[in-house]
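Each remark here refers to the structure printed beneath this line.
The values are calculated or read from the model by the stated rules, or taken from the named source; none is laboratory data. Owing to the predicted nature of the structure, the values given are computational and were not obtained by experimental measurement. Virtual Cβ from ideal backbone geometry, glycine too; neighbours counted across all protein chains shown. For accessibility, only protein heavy atoms count, side chains too; no ligands or nucleic acids. Shrake-Rupley method; radii C 1.70, N 1.55, O 1.52, S 1.80 Å.
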Amino acid sequence: MFYVFSNPQAIAEHVSELLIAQIQKKNDSVLGLATGSTMEPVYEKLCEQVARLNVDVSGLTTFNLDEYIGLGSDHPQSYRYYMRQHLFNRLAFAQHRTFLPDGLCADPVKQCEQYSGQIQQAGHIDVQLLGIGNNGHIGFNEPGTSFGSRTHVVPLTEQTRIDNSRFFDSLDEVPTKAITLGLQDIMESKQIILIATGTNKAQIMAELYESPVTEQLPASVVKSHPNAMILLDEQAAQFLPAEWRDTLES
Ligand code: F6R
């Protein structure tokens, strides 16, 4: 389940190949997408390979994990903006089937119910991409979130706001709430690929490796999924026991 690669580019290449194989097998696949720095090389490589191999992405439906409450789609730190910049505007996606929660929605709670419902109507997510926060969050499911959770509004922890403040001019500008897919929605995906890169993820990856499946470490739920992979680069894997490392990269 834990696979170590030499660097983020090697992970990006592998994940991009997996996604393309999925799209070629099922051109109307439903993809679950994440934002953040971990995903940038993945989307870069996917754009490159889709263009090179002339892969048709127009039949795909995508659901993103989360969005900040209070940021509109034109705000450069909104996740819709990120997705347009890194993926949606670069390939021929059917834009009306690229779903993210709307950060300016008047009734976020109702929107949450609809979002989980839309995923179920789409037949569930075929492949879900996940990053991981330094506190073990996936999406914005912070420690203590119920494994039975559906899409919901979350107050962001101080730690997550500080981690994400690098993208904003100041900590004050980081929103205090977000909408996130719930852990149960994530776990209903047919396949999960969790990626962690860089030394700042080394501590949490060692904890994840050792941890039982517990709501105190939200990402640990992935270890109980029947079809999940956890991909790390050497830096993120530095505190994992060497004898347990399983290397996919040739
Ligand atoms: C983003 C998301 C978050 C990030 C996590 C890691 O859509 O759901 O859980 O995946 O915070 O972020 P980076 O990749 O920036 O370290």
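Results, tabulated for the structure shown:
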read-out: Relative contact order [Cα under 8 Å, 6+ residues apart], the chain, whole percent; value: 25
read-out: List 43, 82, ordered by accessible area with a 1.4 Å probe, largest first; value: 82, 43
read-out: Where the chain is the region considered: accessible area per residue in Å², 1.4 Å probe; value: 43
read-out: Residue 128 long-range amide H proximity, modeled H, under 5 Å; value: 32, 191, 192, 193
read-out: Highest average packing first - 90-103, 159-172, Cβ atoms within 10 Å; value: 90-103, 159-172
read-out: Environment charge at residue 219 (Cβ cut-off 12 Å; Lys +1, Arg +1, Asp -1, Glu -1); value: -1
read-out: Percentage, to the nearest whole number, of Cα pairs in region 1-138 over 25 Å apart; value: 26
read-out: Most mobile of 62, 214, 38 in a GNM of the chain (Cα contacts under 10 Å); value: 214
read-out: Among 158, 215, 67, residue whose mean-square fluctuation peaks in a GNM of the chain (springs only between Cα atoms under 10 Å); value: 158
read-out: Leading residue at positive end of dipole, the chain (Cβ point charges), from 104, 1, 53; value: 53
read-out: Whether region 106-239 is rounded, prolate or oblate, judged on the alpha carbon gyration tensor where a/c under 1.5 counts as rounded; value: oblate
read-out: Anchor residue 110: aspartates and glutamates whose Cα lies under 18 Å away (excluding residues fewer than 8 positions away in-chain); value: 66, 67, 102, 185
read-out: Amide H partners (placed H, <5 Å) of residue 177, local residues excluded; value: 69, 156
read-out: Cα-only Debye scattering, the chain: base-10 log of I(q)/I(0) at q = 0.09, 0.12 Å⁻¹; value: -0.35, -0.65
read-out: Top positive-direction residue, dipole computed over region 2-245 with Cβ charges, set 208, 225, 35; value: 225
read-out: From phi via Karplus (6.51, -1.76, 1.60), per-residue ³J(HN,Hα) for region 149-156 in Hz, x at Gly/Pro; value: 6, 9, 3, 8, 8, 10, x, 7
read-out: Student exercise, the chain dipole from Lys, Arg, Asp, Glu Cβ charges, in Debye to nearest 20; value: 520
read-out: 10 Å-binned pair-distance histogram of region 151-224 (Cα, whole percent); value: 16, 39, 39, 7
